[in-house]
Every structure is written in structure tokens, then in C-alpha cells.
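Reading through the C-alpha cells given below for one structure.
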Amino acid sequence: MTTLTGKSVFGGIAIGRISFYKRDQGTIQRRHVEDAGQEIARFEQAKEQAAKELQGLYDKALQEVGEANAAIFEIHQMMLEDLDYLESITNIISTQKVNAEYAVGVTADNFSQMFASMDDAYMQGRAADVKDVSDRIINILSGKTGGEEAVTAPCIIAADDLVPSETVQLDKSMVLGFATMYGSSNSHTAILARTMGIPAVIGLGAALSPAYDGQMAVIDGDNGQIIIDPDEETLAAMEKKQKEQKARKELLLSLRGQDNVTLDGKRIDVFANIGNLSDLGMVLQNDAGGVGLFRSEFLYLESSDYPTEEEQFQVYKTAAMNMAGKKIVIRTLDIGADKQAGYFHLPHEENPAMGMRAIRICLTRPEIFKTQLRALLRASAFGKIAIMFPMITAVKEVKQIKEIVAQVKQELTNEGIPFDQEIEMGIMIETPAAVMVSDQLAKEVDFFSVGTNDLTQYTLAIDRQNQTLDAFYDPRHPAILRMLKMAADNAHAAGIWIGICGELGADLSLTEEFLRMGIDELSVSPGMILPLRQKIRETDLSRLTQK
Ligand code: PEP
Ligand code: MG
């Protein structure tokens, strides 16, 4: 038994034989051609054929994994029209009098090296795409149908890495899971794996040897592992886990695509809470209406230095694109208290939960705040992003925030950088002060989202991190419920929506009460979306109010 650990792209258990993805490794021959013009015409024809194939793949992906994920094949089509790329190929053919396959191969190598050496993670990702597009043309030129062997029995697909067209061409009913040596969690393959809901682990390194081809293995997507040749005990444990997961999933799966509507017709949005991009698969698999809380501070926590604007932009953009038009509420960094990042050099505090955290850091260190706002606004051009600010206690803070946002918007406008001019901006209601002035706050923002975790901490004066106080930490305390009602009434009086993104939102024993308060959105962990939907659909508010 061998256990390899990589990065989880999508959770769940897959059990089956490993099939190493086989490509035609044929090398390209350099041939002399007499008539360069004729060879260029041959290339042009192959290019047209490649464009048709890509259109077919786009249509297939559009049906299977949605518009945002299908977009990669549009990018490939665009690459086919890239003037530098085309000029390089035709130049090589005409100046060196060589065959088109060779010219395309050399150009692909040059361009992919160039992309790979760029600082920008997005551009690095294009290295695989230019190879993918070029291989397609070369295969057409040399009369090959693709090179890869069709997968004929359900198996775990292992590979060095898979390019998007390889992933989408696989017969999904035959794929139990993915395991790759390389690849990034932002790669399109990872995104596709997530969207398809297939257990996947990437970055296993060279230890994932082709010698394992044909061996039994278990992908434990929850732990980012592949267990090759598992012993009986491990296999039995994994089978049990898989069975439990399946049973639970099937029960709830019938609720996918259904409305979050009570028996008497009241609707509510059910969104998901996420901490990073790898959670998005679960969001989509569980059919969330959107993301109600993206805790952006995880980006900062996972980093050893301040994430740059570009790094953040890539993450927010990928998230927005994955959500394909559904709303994604991204919360600005909530560092401090229990979430400490050394490079912020926050001074030691006796009482960090009541200290320099979240918006207080952003307002005292605007350069950090502005970097994040620029990234968020830039990403808003790629989807339906809303920005949310944590730990608000006063109208004054919101006014200050709005001033800074206005400055950043102006800068972007001056630079000609597009962003969503109508971007929604809201605040977390997670301090008693915010509840008490929620009538005034509601006039300043587009929405409220109640953070019941902190609201409980600050209202009941109980450190949420202190386990010994668990018995006293009661988010269902009438004080909290009254505060929720007060904030909801004030939100509605000002015509804005209100959600709950603290853990209490997933407390099914309170769903009816939340509905009656008129809460417009509940944002819960992805795994709670369908149970919550079930609860909502069983609720009859007319009967309850008559009681
Ligand atoms: C909350 O306080 O309820 C909340 C959602 O934010 P966090 O748990 O990240 O503090
Ligand atoms: Mg909070």
C-alpha cells in the first residue's frame, strides 16, 4: 500500500483501477517542402478544421459544464486567430521551407515557454492551452484522430497533467476520479473536475508513476490523497465512507434544481459560504443560488506575504467566472482575532477579538485595503461580484469605506480598467452596535449579512474561541434572535435585503423563524444547502402563524 499526498481539487471517494492517460508521444519530423505556399495553404485548412472541432467541444462543454467552463474553448479558438502565433508558423514554413507540423510544433514550444515564464498566473496557465491548440492542428495535419486511447471501463484517470480538451473529451461515465502529477488548482482541468463533481487530487508529483497503471487505488479527495494498492482494512473503511457519502447524496440530490420555497409559496435565497476556490465545486454540486460569504482572508492566511493585486484578481475572477452569473459576495479581509497572519505585524493585544481586526486594519492601513478593492473591482467585470465589509460598528466607518471605494473606482476609470459600476456593497452585521444603528446603516449600503458567530460573541460577552465556555455560547439566545429581527425590519424599511452568513443560518430548527422574520438569504456551508432546501420546502408558514 502506498499513499501519495497532493492537493485536493474536489472531495469524495473514488475506488477503482488506475488508468494512465496515454497520449501519442510521436515526435514531429522536420521535412523539407518545395512549395512553401502550398504548405501554408495546408496549414490554413488544418486551422479551419481545428476551429470547427473547437466549436464542437465548446458546444459539448456548454451542455455538460456550463458557459463559464466552456469558455476555455473560445480562448483556444481565439488563439487560433492570434496574429503573432500565425505569423510565427507561416514565417517558419516560408523561410525554412519546412512542413507545417514542424512549424506548428516549434511555435507551440516557443509560445508555451514564453507563457510559462511570465509572472502572471493566468498567463502561465495559457502555456498548456497553446500546446493543446497546437497539438490539435498537428494531429489534423498528420491525419491522427487525437492520439489518446479511449477509456472503456470505469477507472481512475492518472496523468502528468490533463489539458482542458482532454478532460472534456473523456467519457465522464468512465471516470471515477482524477489524479495528476502536476497542475494548479486554478487550472481549467481542476475547475472542470470540480464542476463535474469528480473526486480529484492534483500535484502528486513524480511519485505518481506510470508503473501504477492498472493497479487498484482509492482517491480520497477529502484529504487530497491517493492510496495505491490499499490493504483490506483501508479498502473496507473507504468503501464504507463512500457508501455513506453516496446514500446521503442520493437522498438530497433529488432536490437539485428545485426552488427554495415554502409550502405556502415564500421564497428565500440559499447561498454558500466558502473560504477558497477549491470550495466552489461543492457550491455548484449542491446547487447553491450563489455565494453569500467568500472569506477572502484565507487568501492572506495561506500566503507568506501580502497577496498582490494580481494574485487576488486572479482568484476573484476565477471565482466569479465559475459562478457563471450567480452572485458571489466577497468579504474584504477579516484578519485579526483568531485569524492571524504574521506579516501583518499586528501588535500583541490582551484582547485580540476586541482589537485591531478586519475593517479596522483596512481603515488604518488603506494601502492594503485599496489593493484588495482594486482586485475585487477589476474582477467584477467577469461576473456578479458583491463586496461586503466585516466588523462594522458605525455609520462613520461606512462613509469612510465609501470614500475609499470611490477613490479606487476613479483610479480604475482613469486607467481605463473596466469594472461593474453598479457593484453591490454591503456590510456584516456582527456587532451589537451595528444592530442598534442598523436603521442608519441600511441607508448607506445595498445589503446586510448577519454574522451570528461574532454577534453572539459580542452580545453574550463570550469568547467564541474559548471551549470551556461552550455551554454558555448560545447563538439562539433571545437577544440574538431579537437583534436579527430588528436588523431585518430596518433593512426592509430602507428597501435593502438581509441575509445570515453565520453558522446559525444553517440551524434547521430556526429556519421557520428566519422565514417569518423575512430574512431574504441564508448562506451556509455547501453541504448544508440541500438539507436547508429540504427544510424550507417542508415548511408551511400559513399553518404556523395560525397556531
Ligand atoms: C460571523 O461572525 O458570523 C461570520 C460569518 O464571520 P466569521 O465567522 O468569519 O467571523
Ligand atoms: Mg465574523
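The values are calculated or read from the model by the stated rules, or taken from the named source; none is laboratory data. The structure presented is a predicted model; accordingly, all values stated were derived computationally and were not measured. A quick note on method: Cβ atoms are made from the backbone with ideal geometry, for glycine too, and the neighbour counts reach across all protein chains shown. These accessible areas exclude ligands, DNA and RNA; they are computed on the full protein's heavy atoms, side chains included. Shrake-Rupley method; radii C 1.70, N 1.55, O 1.52, S 1.80 Å.
So here's what we get for this one:
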{"item": "Heavy-atom surface of region 399-477, accessible at 1.4 Å and reported per residue (Å²)", "result": "50 Å²"}
{"item": "Accessible heavy-atom area order of L299, L508, highest first, probe of 1.4 Å", "result": "L508, L299"}
{"item": "Simple spin-label estimate for Q410 and Q55 in nanometres, 7 Å along Cα-Cβ", "result": "4.8 nm"}
{"item": "Which of M354, M323, M425 is most accessible, then next, and so on - probe 1.4 Å", "result": "M354, M425, M323"}
{"item": "Assigned charges on the beta-carbon of Lys, Arg, Asp, Glu; region 1-115 dipole about Cα centre (debye)", "result": "720 debye"}
{"item": "For region 345-453, diffusion coefficient by Stokes-Einstein and Kirkwood Rh (Cα), 25 °C, 0.890 mPa s, µm²/s", "result": "166 µm²/s"}
{"item": "Cα centre as origin, Lys/Arg/Asp/Glu Cβ charges: the chain dipole, Debye", "result": "1200 debye"}
{"item": "Nearby lysines by direct alpha-carbon distance to K409 (threshold 30 angstrom, same-chain neighbours under 8 apart not counted)", "result": "K317, K326, K327, K339, K370, K384, K396, K399, K443"}
{"item": "Area accessible to solvent at Y58, 1.4 Å probe radius, in Å²", "result": "30 Å²"}
{"item": "Per-residue HN-Hα couplings for region 255-263 [Karplus 6.51, -1.76, 1.60; θ = phi - 60°; Hz; x = Gly/Pro]", "result": "8, 4, x, 8, 7, 8, 9, 6, 4"}
{"item": "Full-extension gain in nm, N223 to S117, via 0.36 nm per residue minus C-alpha separation", "result": "35.1 nm"}
{"item": "Sites E239 and L301 - FRET efficiency at Förster radius 30 Å, r taken between beta-carbons, to 0.05", "result": "0.30"}
{"item": "Cα-based Kirkwood hydrodynamic radius, region 36-142, one decimal, Å", "result": "14.2 Å"}
{"item": "Theoretical gain in end-to-end length, N453 to E538 [0.36 nm per residue, Cα-Cα removed]", "result": "27.9 nm"}
{"item": "Exposure rank, largest accessible area first [R360, R516, R533; 1.4 Å]", "result": "R516, R360, R533"}
{"item": "Heavy atoms of D120: accessible area, 1.4 Å probe, square angstrom to 10", "result": "40 Å²"}
{"item": "Label-point separation in nm, E250 to D109, each point 7 Å along Cα→Cβ", "result": "5.3 nm"}
{"item": "Amide H contacts of K339 (H built 1.01 Å from N, under 5 Å, at least 5 apart or other chain)", "result": "none"}
{"item": "Charge dipole magnitude, Cβ of K and R +1, D and E -1 - region 261-541, Cα centre, debye nearest 20", "result": "420 debye"}
{"item": "Rounded Å value of the spacing that divides the Cα centres of region 467-504 and region 268-286", "result": "22 Å"}
{"item": "Which of T393, Y122, G177, positive extreme of dipole for the chain (C-beta unit charges)", "result": "T393"}
{"item": "Heavy atoms of K240 accessible to a 1.4 Å probe, total area in Å² rounded to 10", "result": "130 Å²"}
{"item": "Spin-label model distance (nm) - H348 vs D264, 7 Å beyond Cα toward Cβ", "result": "5.8 nm"}
{"item": "Peptide ranges 414-422, 135-143 listed from the most packed, as the mean C-beta count within 10 angstrom indicates", "result": "135-143, 414-422"}
{"item": "Among beta bridges that DSSP assigns inside the chain, antiparallel share in %, nearest 5", "result": "35 percent"}
{"item": "Cα pair distances in region 261-541, grouped into 10 Å bins until the bin that holds the longest one, percent each", "result": "7, 29, 38, 22, 4, 0"}
{"item": "Accessible-area composition of region 261-541, carbon plus sulfur, in percent [1.4 Å probe]", "result": "51 percent"}
{"item": "Antiparallel bridge percentage (DSSP; both residues within region 292-412; nearest 5)", "result": "10 percent"}
{"item": "Residues whose placed amide H lies under 5 Å from that of V329, excluding near-sequence neighbours", "result": "V291, G292, L293, F294, A386"}
{"item": "Selection from G518, I359, I72 lying farthest towards where the dipole of the chain points positive, charges on Cβ", "result": "G518"}
{"item": "Total formal charge among the other residues, if their Cβ is under 10 angstrom from that of N490, Lys/Arg +1 and Asp/Glu -1", "result": "0"}
{"item": "Stretch gain in nm, segment D160-L469, where the contour uses 0.36 nm per residue and the Cα spacing is subtracted", "result": "106.3 nm"}
{"item": "Efficiency of FRET from Cβ geometry, Q340 and S509, R₀ 41 Å, rounded to 0.05", "result": "0.75"}
{"item": "Inverse mean reciprocal Cα-Cα distance (Kirkwood Rh) of the chain, Å", "result": "25.8 Å"}
